[in-house]
Amino acid sequence: MAALAALALGGVAVGLTEFVAMGLLPEIARNLLPHEYARSSPDAVARAGWMITAYALGVVVGAPLIAALSARLPRKKLVLGLLVLFAVGTVASALAPTFELVLVARFAAALPHGAYFGAAGLLAATLWGPGNEARGFATVLSGLTVSNVVGVPLITRLGQTADWRVAYLVIAGVFLLTLLAVFAVVPEVAAAADGSPAAELRALRTSQVWLVAATGAIGFAGFFAVDSYIAPVTTDVTGLAAATVPWALVAVGLGMTVGNALGGWFADRDLHRSMVIGFVAMIVSITAFSLAASTGVGLFVGAFLVGATSLYLGPVLQARLITVAPGAQLMGAALNQSAMNIANSLGAALGSVAIAAGLGYLAPARVGIVLAVVGLALGLVSFAAGRRVRERVPATVAG
C-alpha cells in the first residue's frame, strides 16, 4: 500500500503543477506582464493563459516521445527520472525572470506528464497483480482527483497571499517528496521483455490506437466543455456569489474521485460494457447539468455527476488504449494523456465559440453533449472493428 500511495502522490503533484496556473493567472500577469496589466488587466490575463496552452502542448509532445525513448528502462528507474524532470521544470517555472522563459519552462515541465501516468500506472498495475490493469491506473489518477479537491485550492490560496513563484516552489517540493517516497518504498520492476523504441513506435501505425485516442480526445472534451465554464455558470446563470465557485469545483473534484475509483474497478471486469455505460452516463449527466444548473441544488448535483461520470471513463480509456497497443503498453498509456490534453483544449475552445455566438454560458454544456455522443460512437466503432479483425484471423488460418 505504501508503494501505491507513493505513486498516487506523484499524481497529486502533477495535478498541482497543471491546474494551479488557472487560479493564479491574475497574479502571474501582474508580475510578468506589468505594463500590459496596467493598460488592460483582461488582456494581460488572457496572454498569461498561454502558460496553460504551453503546458498542454508539452504533454501532447512529450508523452509519445518519452514513451518511445524509454521503452527499455526499468519502470521504477523511469518513474524516478520523470519525477526529476518534473521537479527541475517546476523550479525553472518559478525562477524564470521573463514571461517568455516561463512559457519555455512550462512546456518543459509538461514533457514527462503523459509518460509518468503511463509508467506509474503500469507499475501500480503490476503491484495490484494480474487482471487489475485499470485499477492500477485508477490508483495513480486518484492522486490527480485528490489534488483537484484539496491541493489546488490550498496552493492557489498560497500563491494569492504570498507569491505565485512560492506556489510553484512548493509544488516542486511535492515532486521531490514523491521522488524520495518512490525511491524508498516502490519495488524494482523490469521493463517489458520485448520492449524497444521500435515496438513502441509501431503502435502509432495501428489504426485502432488512433481510433481509441480520438475517442478520448473528442468524447472526453465533453467534460472540459462543462468544467472550463463552471465559474460563469455559477455566478451568471445560477446567480451565486463568486466565493461559491471553489465549492462548485470541489463538487466536480469529489465526483471525479468517486468516478475514477469505480471506473478502475469495472473496467477490469468488462471493458466494453464499462465504456458504453460511461459514455451514456456522461451524456445523461451533462444533459441534466444543462437543464438544472440554474438552481443551486442542480448546479452542485450536476457538477458532481459530470465529474463522476467523466472520470469513470479515465481508467476505462487508459485500459482500452493499452489493449489495442500490444507490445507497446507504455506508448498506449502515455497517449491517453495526450488525448486528454487535446480534449481539454477542444472542449474549452468549442465552448468559447458557443458563448461568443451569444448562446449563453450553458451553451458549452450542450456542446459537451454532442462531443460525448461522438465519443460513444467512436468507441462503438472501435470495438466493432476489433471484433472484425478477430473474426478474420481464424478464417485466414483455416484457409
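The values are calculated or read from the model by the stated rules, or taken from the named source; none is laboratory data. Predicted model only: the values in this text are computed from it and were never measured. Ideal geometry is used to build each Cβ from the backbone, glycine not excepted, and the neighbour counts take in all protein chains shown.
Hey, can you tell me all the residues within region 113-163 that are touching a residue at least 40 places away in the same chain (Cβ under 8 Å) and of a type in the set (S, T, N, Q)? Scanning region 113-163 gives T126, N132, T139, S142, T145, S147, N148, T156, Q160.
Of the listed requirements (1) at pLDDT 85 or above; (2) within 18 Å of the chain's Cα centre (by Cα), A138 misses just one: (1). For region 282-313, a residue qualifies if it is hydroxyl-bearing (S, T, Y) and either under 14 Å from T145 (Cα atoms) or assigned to a loop (DSSP other than H, G, I, E, B) (or both), and the qualifying residues are S294, T295, T309, S310, Y312. Scanning region 32-80 for residues that are part of a loop (DSSP other than H, G, I, E, B) and surrounded by fewer than 20 Cβ atoms within 10 Å (Cβ to Cβ) turns up L33, S40, G49, R72, L73, P74. Within region 59-79, residues that are more than 12 Å from G114 (Cβ to Cβ) sit with their Cβ atoms under 6 Å from residues that are of a type in the set (S, T, N, Q) and buried (at least 22 other Cβ atoms within 10 Å of the Cβ), at 6+ positions apart or across chains, in these pairs: L78/S70.
Among the residues of region 223-231, is any crowded, with 18+ Cβ neighbours inside 10 Å, at pLDDT below 85 and either polar (S, T, N, Q) or over 30 Å from V276 (Cα atoms) (or both)? Taking every residue of region 223-231 in turn, at least one turns out to be crowded, with 18+ Cβ neighbours inside 10 Å, at pLDDT below 85 and either polar (S, T, N, Q) or over 30 Å from V276 (Cα atoms) (or both).
Residue by residue, here is whether (1) of a type in the set (A, V, I, L, M, F, W, C); (2) in contact (Cβ under 8 Å) with a residue 60 or more places away in the chain; (3) closer than 14 Å to Y312 by Cα holds:
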site	(1), (2), (3)
G222	no, yes, yes
T244	no, no, no
W247	yes, no, no
L254	yes, yes, yes
V258	yes, no, yes
L262	yes, no, yes
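For region 225-242, a residue qualifies if it is touching a helix residue (DSSP H, G or I) at 6+ places or on another chain (Cβ under 6 Å), in contact (Cβ under 8 Å) with a residue 60 or more places away in the chain and farther than 23 Å from S345 by Cα, and exactly one does: T238. Residue count for region 81-91 under the criterion of being buried (at least 24 other Cβ atoms within 10 Å of the Cβ) and aliphatic (A, V, I, L, M): the result is 2.
Checked against the criteria, R273 does not count as outside any helix (DSSP H, G or I) and either of a type outside the set (S, T, N, Q) or within 30 Å of S70 (Cα to Cα) (or both).
Looking at the structure I just gave you, is A328 at pLDDT below 85 and not assigned by TED's automatic domain parsing to the domain that holds P64?
yes
In a loop (DSSP other than H, G, I, E, B) and either touching a strand residue (DSSP E or B) at 6+ places or on another chain (Cβ under 9 Å) or surrounded by 22 or more Cβ atoms within 10 Å (Cβ to Cβ) (or both): does that describe A325?
yes
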